[in-house]
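Following: one structure in structure tokens, then a few remarks.
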Amino acid sequence: MYYNVDFYIGASCEIIYCVDELQKQVAEGSLSITGSNDVLTLALGPEHPGRVRGVGAGISPRQFFNLPRPQRVKFADQLKESVRIVLQEETKKMEARIEAEREHLLSQLSHLIPNFDPSMLKPKTSPCQNQGLQQSPMNPMSDKASCSGAEVRSLHLEDDTARNGEQQEQTKSGALDNQDEEKKEENKDEQKMGEKKDEGKKEEKKENKDEGKEEDTNVEEKKEEKQDEEHDEEGNEVVDYSNVEVPSSLQSLCGYVETTLKPQGKIMTFNIEKEVFGADRSTFVLHEDITQFSGMEEIGATVVAVYMRCLYDLLREANMCSMVGFIDPAQVSANAGSLTDRSRIVASRLQKTDGEQIFMMPYNPGRYWVLLIVRAKRETVYFLDPLPGNRVVDEEGKNIVNSALKIYNSHIGRPGRKAPIWKTLPGTPKQPSSVECGYYVMRFMRDIIMDPSLEFEKKFAKGKDQAPYPQAAIDEVRKEWAEFVCRHMD
């Protein structure tokens, strides 16, 4: 076979020349080479996939050039990332548009209204709201919990106030241009007032004749006013506890508040042992906590935690500490930390037992108190809600417990279920109004530990009596709490 030697010699010279030129460019810094994209590849052209020139068969580019293993990215993750980027861009555009509209509005108002102050349009934040957003480091979860949603309403009212401020400024500017129309309307109003005065005189004559009917009407109006007072802004019935008899131990505690705590500015300190919540910690009871507790007002995590310390003494006397455990409500409720941190706190409590023990976890999602009972070995969680109606557990609280059970299963080397079992116990007594949720959760825990068989699932099963607790049952809890706190008086 005949070979064209001149052709191959010419081709080789061209390649050699090309390699030399590329190496010069690399030395000068005008050309950068990385990995398989080296000088030889640039001169000869790309190699077949999976091969490397000059090193023999069986060596892949990833092995020779020490390239990282390609990672597969799920389509769902790519979609999430793209959506996140799009949302960020849209958010920035929207913020820029809002800021531009705001500057345009301020410029118009400054022309229409003399001595206009732009700070008038900024919403004001009340000191009470600032205090509600910050928690005392000494007394976590000291803010009270109720089921009326008053805090949410206050935020809406604050927004409405800001909007009304803008509307008033716009009305002022319009009023400067329409003074003539207002004068005409004032004249019409004066005529109407004169007509109303004449009608009032006629009505006075009729009232003198019908005094007996008026007395009956006043009685009916007073009855309606009483009925309105017995309901809050949301239509929920409000129970009047002003005439409720205060237990003697709680009366003594209130006297201590007036004679010592308030005048001297003192607080009551409680050291809660490691056996109660899994770690030693201190908590502080303020005189406001005692006053509000005595008046059947909303209570915070400190009051609930102190009562759980009181119940621990009952468990110890009944030799039930290996059957029932507690989880600190101040460390797992809303605003107590990230969801991951709270899940780890719950998991650490579960890991220190053999799994047979049940754990009672009062939980406050930010508006009311509920009770969760965790049975780790069975991967079952019970939900006890003092509010009436078919309610479900807060999604954040559910995620906290589910994550904790996964950590627990990993700790004991058990695969576990795909998802824990959640059971709602609808037969719990239901609170009569919007402030008793904390007291009912405390009573739930007491009823459960007073039964050595721990048959709470049957006790609060569907179809049982859902009537409210009698006040004597709630007062029993208040008495025990006050007696425990009285032991720590100076």
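Descriptive notes on the structure:
- Test for Leu371: is it in contact with a Leu (Cβ under 8 Å, 6 or more places away or on another chain), open to solvent by less than 10 Å² (accessible area, probe 1.4 Å) and at pLDDT below 95: no
- Taken together, Glu81, Glu21, Glu47, Glu90 contain a single residue that is modelled with pLDDT under 80, surrounded by 10 or more Cβ atoms within 10 Å (Cβ to Cβ) and of a type in the set (D, E, K, R), which is Glu47.
- All of (1) modelled with pLDDT of 90 or more; (2) open to solvent by 10 Å² or more (accessible area, probe 1.4 Å) hold for Arg391 with one exception: (1).
- For segment 300-307, the criterion of a residue being at negative phi, open to solvent by 10 Å² or more (accessible area, probe 1.4 Å) and assigned to a helix (DSSP H, G or I) is satisfied by no position.
- Looking only at segment 342-364, residues that are charged (D, E, K, R), closer than 25 Å to Cys437 by Cβ and open to solvent by 40 Å² or more (accessible area, probe 1.4 Å) come to 0 in all.
- Filter result for Ser410 (small (Gly, Ala, Ser), under 26 Å from Arg478 (Cβ atoms) and more than 20 Å from the chain's Cα centre (by Cα)): no
- Among residues of segment 317-340 being among the polar types (S, T, N, Q) and within 22 Å of the chain's Cα centre (by Cα), the one that is nearest to Ile400 (Cα to Cα) is Thr340.
- Condition check for Ser343: under 27 Å from Asp394 (Cβ atoms) and free of Cβ contacts under 8 Å to residues at least 12 places away in the same chain: no
- The numbered conditions (1) surrounded by fewer than 13 Cβ atoms within 10 Å (Cβ to Cβ); (2) over 26 Å from Glu483 (Cβ atoms) are all true for Asn319 except (2).
- Counting only helices (runs of 4 or more DSSP H) that sit wholly inside segment 403-490, those with at least 3 residues that are open to solvent by less than 10 Å² (accessible area, probe 1.4 Å) are 437-449, 471-486.
- Being under 29 Å from Ile290 (Cα atoms) and assigned to a helix (DSSP H, G or I) is a property that does not hold for Tyr368.
- Hey, Thr269 in contact with a helix residue (DSSP H, G or I) (Cβ under 6 Å, 6 or more places away or on another chain) and not in a helix (DSSP H, G or I) or not: no
- Every test in (1) surrounded by fewer than 18 Cβ atoms within 10 Å (Cβ to Cβ); (2) within 18 Å of the chain's Cα centre (by Cα); (3) charged (D, E, K, R) is passed by Asp385 save one, and that test is (1).
The values are calculated or read from the model by the stated rules, or taken from the named source; none is laboratory data. What you see is a predicted model, and the numbers here were worked out from it, not measured in a lab. So basically every Cβ, Gly included, is an ideal-geometry build from the backbone, and we count neighbours across all protein chains shown. Ligands, DNA and RNA are excluded from the accessible area calculation, which covers all protein heavy atoms including side chains. Shrake-Rupley method; radii C 1.70, N 1.55, O 1.52, S 1.80 Å.
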